[in-house]
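The values are calculated or read from the model by the stated rules, or taken from the named source; none is laboratory data. Bear in mind that the values here come from a model prediction, so they are computed numbers and not experimental data. Glycine gets a Cβ as well: all are built from the backbone with ideal geometry, and neighbour counts include every protein chain shown.
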Amino acid sequence: MVRHFTQLKCRMMPYLYRQAALANEFGTPMLRAMLLEFPDDPACDYLDRQYMLGDSVLVAPVFSEAGEVQFYLPEGRWTHLWHNDELPGSRWHKQHHDALSLPVYVRDNSLLALGNNDQKADYAWHEGHRLPAVPP
């Protein structure tokens, strides 16, 4: 399990690096409360069990042993990072996840730079990266 998520982090390094640079430049945290990213959505006012990773990725950790998780997706269309399943926003969703999966959704109209190396975090991210776009 640790290896699986460490490899994901390594592939996400181009995105994470960019978000860290933006956090340094503008002071906006990389891990954001939903309210910070969606201030006009009243459903986000009290969400404390999910967060935005940068401006494009929503993460809803699984806290139950059974793997059940309920999470809210704000307005728009959201695409699961691994499965490309799409879900509508402005509503709650309930899912079951095992130890190797999480609700990790990418916001529509996002360009998520992913690296080609999942073995180490310090590689030349600009070489061979993928730019999966989530269309409008």
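General observations
- Failed item in (1) closer than 17 Å to VAL106 by Cα; (2) of a type in the set (Gly, Ala, Ser); (3) exposed (fewer than 12 other Cβ atoms within 10 Å of the Cβ), with GLY54 passing the rest: (3)
- Matching residues, region 23-61, being more than 15 Å from GLY76 (Cα to Cα) and of a type in the set (A, V, I, L, M): ALA23, MET30, LEU31, ALA33, LEU35, LEU36, LEU47, LEU53, VAL59, ALA60
- Among (1) modelled with pLDDT of 95 or more; (2) surrounded by 18 or more Cβ atoms within 10 Å (Cβ to Cβ) - the single one GLU68 does not satisfy: (2)
- Scanning region 57-80 for residues that are under 10 Å from ARG107 (Cα atoms) and in a loop (DSSP other than H, G, I, E, B) yields a total of 3.
- Any hit, region 22-45, residues being touching a strand residue (DSSP E or B) at 6+ places or on another chain (Cβ under 6 Å) and among the small types (Gly, Ala, Ser): yes
- Residue pairs whose Cβ atoms lie under 8 Å apart, separated by 6 or more positions or on different chains, with the first residue in region 98-113 and small (Gly, Ala, Ser) and the second at pLDDT below 90 and part of a loop (DSSP other than H, G, I, E, B), are ALA99/MET1; SER101/TRP82; ALA113/TRP125; ALA113/HIS129; ALA113/LEU131.
- Filtering region 90-136 to residues that are modelled with pLDDT of 80 or more, surrounded by fewer than 17 Cβ atoms within 10 Å (Cβ to Cβ) and not in a loop (DSSP other than H, G, I, E, B) leaves ARG91, TRP92, HIS93, LYS94, HIS96, LEU111.
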